[in-house]
Amino acid sequence: MADIRRVELVRVGNSREWDEWDAVPGETLGSVVGADAAAIAGLVAGLPDGESMRCFSPAYALKAHGAEGVLVEIAFCFRCHNALVVVPGGGRPGLVAFEPDSPAGRALLARFKAVDRTTPTPA
């Protein structure tokens, strides 16, 4: 977590063929640094495990940047409780189940929605 210097909040574009992503496609909604970036990283670290479901149609993602560039990208599907973790140069992306109704999950979704100025996207 200490290596994260900036976090981009992203609205995911095409979620098809996510298992072949080498980067999460989408539009950057906002970017935070310092304490705000650390707070978002803390929310992600605080997400409890959840039960995986099937749809994986992520609405939002984050890109965590360090001094040398992108450290990790994570796309979140708050409906099926899955997060796709993409590590640059790290091979195939992997799904991790999380609990979106946890306090950390609700707070993370609220952060995304706060910067998303478009018509609400189902999360």
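The values are calculated or read from the model by the stated rules, or taken from the named source; none is laboratory data. Source: prediction; values computed, not measured. When we count neighbours, we look across all protein chains shown, and the Cβ atoms used for this are built from the backbone with ideal geometry, even at glycine. When the accessible area is computed, the model is the full protein with side chains, heavy atoms only, and any ligands, DNA or RNA have been set aside. Shrake-Rupley method; radii C 1.70, N 1.55, O 1.52, S 1.80 Å.
See the values below:
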{"quantity": "Residue check for Leu9: assigned to a helix (DSSP H, G or I) and touching a Leu at 6+ places or on another chain (Cβ under 7 Å)", "calculated": "no"}
{"quantity": "Selection status of Pro93, open to solvent by less than 30 Å² (accessible area, probe 1.4 Å), of a type outside the set (D, E, K, R), without any contact (Cβ under 8 Å) to a residue 60 or more places away in the chain and in contact with a Leu (Cβ under 8 Å, 6 or more places away or on another chain)", "calculated": "no"}
{"quantity": "Residue in segment 54-62 that is part of a loop (DSSP other than H, G, I, E, B), over 16 Å from Val12 (Cα atoms) and small (Gly, Ala, Ser) present", "calculated": "no"}
{"quantity": "Enumeration of residues in segment 45-58 that are open to solvent by less than 80 Å² (accessible area, probe 1.4 Å) and either in contact with a helix residue (DSSP H, G or I) (Cβ under 7 Å, 6 or more places away or on another chain) or acidic (Asp, Glu) (or both)", "calculated": "Gly46, Leu47, Phe56"}
{"quantity": "Some residue of segment 26-34 being within 21 Å of Ala97 (Cβ to Cβ), of a type in the set (A, V, I, L, M) and either at pLDDT below 90 or open to solvent by less than 40 Å² (accessible area, probe 1.4 Å) (or both)", "calculated": "no"}
{"quantity": "Top-ranked residue in segment 1-19 [being without any contact (Cβ under 8 Å) to a residue 40 or more places away in the chain and not hydrophobic (A, V, I, L, M, F, W, C); ranked as least open to solvent (accessible area, probe 1.4 Å)]", "calculated": "Gly13"}
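Conditions (1) in contact with an Asp or Glu (Cβ under 9 Å, 6 or more places away or on another chain); (2) of a type in the set (Asp, Glu); (3) modelled with pLDDT of 95 or more; (4) assigned to a loop (DSSP other than H, G, I, E, B), marked per residue:
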{"residue": "Leu84", "(1), (2), (3), (4)": "yes, no, no, no"}
{"residue": "Gly89", "(1), (2), (3), (4)": "yes, no, no, yes"}
{"residue": "Arg92", "(1), (2), (3), (4)": "yes, no, no, yes"}
{"residue": "Val96", "(1), (2), (3), (4)": "yes, no, no, no"}
{"residue": "Glu99", "(1), (2), (3), (4)": "yes, yes, yes, yes"}
{"residue": "Ala104", "(1), (2), (3), (4)": "no, no, yes, no"}
{"residue": "Leu109", "(1), (2), (3), (4)": "no, no, yes, no"}
{"residue": "Ala114", "(1), (2), (3), (4)": "no, no, no, no"}
